[in-house]
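Everything below concerns the one structure shown next.
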Amino acid sequence: MALEQEIKLAVLAKKKLELSALACIAEKSMAIVETRQLISRYFDNSDLVLLKQGLGLRRRFNGQTWLQTVKETGLVNDGLHERQEWEHVLGQDEFEFELLQQTPLIKAVENESALAKLQAIFTTDFSREYWLLKLTDQTHIELAYDFGHVYTVSSKTVIHEIELELKSGSVDDVKQFAELLLEQLPLQYSDISKAQRGYQLFVE
């Protein structure tokens, strides 16, 4: 289990941004920019039992590895998302029930029969550019720039956002860096996660 703390910024421009051209990013970068295509399927049943219990379940392929992730809804305020997360590496494109039992999901999915009733209700498919940034001697973050789509069998919408995830140090430093980006790029704080957008599409 880990506490995920990140600031989400929606990109208002339609075209992709050239973040590497920003001095405030280039000067703080600790590693070469990495780009991956991330495909995630989010699971629930027709009654949305997981959503109603404040939980999310996804299975993601990051180009190299399958991951299963359980997240709580958590707290959101002015773009700052704080939630508990349980993530495990998988050997294949199938959930491992024993690992899921170690998470709050067990409250909603008590046995493997209940797990089998869950279905993929929406998918996210986007490219992600990663930067590891050193904001101060104590504060390190991961900047993720996502561009792609979230879709169900009948509808689709664009994903275009920046996430600033705290890896170590102070969340206040992350807030200050977010303000700096807002001054230089067409951005706004976003309180809506990719999962929430997918659920909105599913129920429409």
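Before moving on, here are some points about what is shown:
- For the stretch 156-173, putting each phi into the Karplus relation 6.51 cos²θ - 1.76 cosθ + 1.60 with θ = phi - 60° gives couplings of 8, 9, 7, 9, 8, 7, 10, 10, 10, 9, 6, 9, 7, x, 10, 5, 5, 5 Hz, in residue order, rounded to whole numbers and with x for Gly and Pro.
- Seen from all directions on average, the stretch 142-204 presents a Cα convex hull projection of 5.0 nm².
- Long-range HN-HN contacts of TRP66 with modeled amide H, under 5 Å: LEU90
- Only DSSP H runs of four or more residues enter the estimate; each adds -39500 (n - 2.57), and after division by the residues of the chain the mean residue ellipticity at 222 nm equals -5000 deg cm²/dmol.
- Largest to smallest accessible area among THR73, THR139, THR157 [probe 1.4 Å]: THR73, THR157, THR139
- From the alpha carbon centroid of the stretch 156-202 to that of the stretch 66-113 is 21 Å.
- Per residue value of the accessible surface for the stretch 90-187 (all protein chains in place, 1.4 Å probe), Å²: 49 Å²
- For the stretch 50-139, the number of Lys pairs separated by eight or more positions or lying on different chains, with C-alpha atoms closer than 19 Å, is 5.
- Solvent-accessible area, 1.4 Å probe, carbon plus sulfur percent, for the stretch 65-123: 42 percent
- Of the residues ILE106, ALA2, PHE126, the one whose Cα sits farthest toward the positive end of the charge dipole of the stretch 1-129, with +1 on the Cβ of Lys and Arg and -1 on the Cβ of Asp and Glu, is PHE126.
- Counted charge near GLU34, where neighbours are those whose Cβ lies closer than 14 Å (Asp, Glu -1; Lys, Arg +1): -1
- Length, then width, then depth: along the principal axes, the Cα atoms of the stretch 71-204 run 50, 35, 28 Å.
- In the assembled protein chains, ARG58 presents an accessible area of approximately 20 Å² (probe radius 1.4 Å).
- Over the chain, Cα pairs under 8 Å with separation of 6+ residues give a relative contact order of 28 percent.
- If you run the Gaussian network model on the chain, springs between alpha carbon atoms under 10 Å, then out of GLU161, GLU110, GLU18 the most flexible one is GLU18.
The values are calculated or read from the model by the stated rules, or taken from the named source; none is laboratory data. Note that this is a predicted model, so its numbers are computed, not measured. For neighbour counting, all protein chains shown are included, and Cβ atoms are generated from backbone atoms with ideal geometry for every residue, glycine included. Just the protein is used for accessible areas: all its heavy atoms, side chains included, with ligands, DNA and RNA removed. Shrake-Rupley method; radii C 1.70, N 1.55, O 1.52, S 1.80 Å.
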